[in-house]
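Visitor: Okay, handing you the structure first.
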Amino acid sequence: MARALEVIRSTGRPLSDWQLQRVGGIADLIQLHPLILLPDRPWLYERCDRRFAAMLDHGAVAEVEALLARRLDPDLPVMRAIGVSEISALIRGELTRDEVLARGAQATRNYAKRQYTWFRRQSDDAWPRTNALNCDSMTYFEILLQF
């Protein structure tokens, strides 16, 4: 609401007017070929688990310590990022590393599931979908040729 009011006050036009106006950009200069990647969930979730563990092993704790040192508002998006609350609890001694790994990995999987569902349901039905795990440019074109 605040942003919408700011736009009206600054320009005299509502945000919806600006959103309807389609000028600029490169859309008429390029041709897009969308592809929705929907890998098998067990594979995806295993990758999520490894990703969070790697983050924890390679600097996430120091990054969260730096955030906490700044005494930022807990409602800021950066303070609500995946893993921040779990790692903060580790720093405060409220959770063990194994608990942080389990909770952070679960939060990552939950986010991946929401993205997966969004792409599956919200994107255009005409967009090709694949569960290919290794999708290089040749695989991409082979998939497109099926549609």
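The values are calculated or read from the model by the stated rules, or taken from the named source; none is laboratory data. Fair warning: this is a prediction, and the values are worked out from it, not measured in the lab. Positions of Cβ are backbone-derived with ideal geometry, glycine not excepted, and every protein chain shown enters the neighbour counts.
Visitor: Given the condition under 30 Å from Leu37 (Cα atoms), touching a residue at least 60 places away in the same chain (Cβ under 8 Å) and not charged (D, E, K, R), answer yes or no: does some residue in segment 83-102 qualify?
Guide: For segment 83-102, residues under 30 Å from Leu37 (Cα atoms), touching a residue at least 60 places away in the same chain (Cβ under 8 Å) and not charged (D, E, K, R): absent.
Visitor: Something else now. Could you list all residues from segment 1-52 that are among the acidic types (Asp, Glu) and in a loop (DSSP other than H, G, I, E, B)?
Guide: Within segment 1-52, the subset among the acidic types (Asp, Glu) is 6, 17, 28, 40, 46, 49.
Correct list: Asp28, Asp40.
For every residue, the table says whether it meets (1) of a type outside the set (Gly, Ala, Ser); (2) in the same structural domain as Tyr116 (by TED's automatic domain parsing); (3) under 16 Å from Ala105 (Cα atoms).
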{"site": "Asp49", "(1), (2), (3)": "yes, yes, yes"}
{"site": "Ala54", "(1), (2), (3)": "no, yes, yes"}
{"site": "Asp75", "(1), (2), (3)": "yes, yes, no"}
{"site": "Ile82", "(1), (2), (3)": "yes, yes, yes"}
{"site": "Ile87", "(1), (2), (3)": "yes, yes, yes"}
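Visitor: Taking segment 19-50, which residues are among the hydrophobic types (A, V, I, L, M, F, W, C) and touching a helix residue (DSSP H, G or I) at 6+ places or on another chain (Cβ under 7 Å)? Give the derivation first.
Guide: The first filter runs over segment 19-50 and keeps only residues among the hydrophobic types (A, V, I, L, M, F, W, C), leaving 20, 23, 26-27, 29-30, 32, 35-38, 43-44, 48.
Hits for segment 19-50 are Leu35, Ile36, Leu38, Leu44, Cys48.
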